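Notes for the one structure printed next.
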Amino acid sequence: MAPATHAMLVDDCPVCRQTQALLAPPKLKLNRAREGNLAMRLSDIDQLFTPGAVAVFGASDRSDSIGGLVYRNLLAGSFKGHSYAINPKHEQVADRPCYKDLAALDKHVDLALIAVPAAKVATILDQCGGYGVQVAVIFSAGFSERGDLGTALQERIVEAARRNRIRVLGP
């Protein structure tokens with residue numbers, strides 16, 4: 001006997017229950033830091049989407065530099081805020097001042113874009129924490145995909161991010 005066709009879903013019909021299950025939105029599991037508290041609120045990452053000032057660590061004029069590419073794209077795009085190049089090896093990048101570190105910049109930064117060797121990322125996160133930067137994007141490679149040494153470096157950046165209360169996207 002073929003299942004009955006209903007004009008509306010009927011609770012006691014097995015076909016209807018299966019259809020309801022397929023049409024129901026997925027149940028999302030929330031990551032909780034502590035029982036009863038969400039680990040992250042949307043307001044915690046506002047500076048990722050709407051920063052007023054961005055510092056690009058590893059900015060360079062080299063055409064093969066990820067930091068240089070990120071900085072040039074930031075300048076060429078529609079970003080209306082302040083953008084700063086940070087690299088101790090340069091005094092200028094893209095005909096703009098380049099700063100040794102955040103202390104030399106001495107301006108408020110909302111978002112850190114980090115494109116430096118993996119071994120330097122945790123130190124930069126500590127520097128960012130000292131200057132109130134709350135969000136960072138890490139473009140660097142060489143972490144857990146590189147084996148035990150990379151995994152140890154990744155653990156260092158997780159610890160630095162937690163210690164400094166910085167939300168991190170990447171690596």
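Kindly indicate whether THR151 is over 13 Å from GLY170 (Cβ atoms), modelled with pLDDT under 90 and among the hydroxyl-bearing types (Ser, Thr, Tyr).
So THR151 passes the test.
In the range 154-171, of all residues being among the β-branched types (Val, Ile, Thr) and in a helix (DSSP H, G or I), the one that is nearest to LEU113 (Cα to Cα) corresponds to ILE157.
With respect to the conditions (1) under 17 Å from the mean Cα position of the chain (by Cα); (2) open to solvent by less than 30 Å² (accessible area, probe 1.4 Å), ASN87 falls short on a single one, namely (1).
For the range 95-128, the set of residues classified as out of contact with any Phe, Trp or Tyr (no Cβ under 7 Å at 6 or more places or on another chain) and part of a helix (DSSP H, G or I) consists of ALA103, ALA104, ALA119, LYS120, VAL121, ALA122, THR123, LEU125, ASP126, GLN127, CYS128, listed by residue number. Quick check: anything in the range 77-94 within 22 Å of GLY142 (Cα to Cα), touching a Ser or Thr at 6+ places or on another chain (Cβ under 8 Å) and in a strand (DSSP E or B)? Scanning the range 77-94 turns up no residue that is within 22 Å of GLY142 (Cα to Cα), touching a Ser or Thr at 6+ places or on another chain (Cβ under 8 Å) and in a strand (DSSP E or B).
Exactly one residue out of GLY130, GLY150, GLY170 is of a type in the set (Gly, Ala, Ser) and open to solvent by less than 20 Å² (accessible area, probe 1.4 Å), and it is GLY150. Contact map, the range 85-98: residues that are of a type outside the set (Gly, Ala, Ser) paired with residues that are open to solvent by less than 20 Å² (accessible area, probe 1.4 Å) and assigned to a strand (DSSP E or B), Cβ distance under 6 Å, separation 6+ or inter-chain. Pairs shown: ILE86/ALA55; ILE86/PHE57; ASN87/CYS98; HIS90/CYS98; GLU91/CYS98; GLN92/CYS98; VAL93/ALA85; CYS98/ALA85.
Would it be correct to say that ASP46 is surrounded by fewer than 16 Cβ atoms within 10 Å (Cβ to Cβ) and at pLDDT below 80? First the steps, then the outcome.
Values: surrounded by fewer than 16 Cβ atoms within 10 Å (Cβ to Cβ): yes; at pLDDT below 80: yes.
Criteria met by ASP46.
The values are calculated or read from the model by the stated rules, or taken from the named source; none is laboratory data. Bear in mind that the values here come from a model prediction, so they are computed numbers and not experimental data. When we count neighbours, we look across all protein chains shown, and the Cβ atoms used for this are built from the backbone with ideal geometry, even at glycine. For the accessible areas, the whole protein counts, side chains as well, though only heavy atoms, and no ligand, DNA or RNA atoms are used. Shrake-Rupley method; radii C 1.70, N 1.55, O 1.52, S 1.80 Å.
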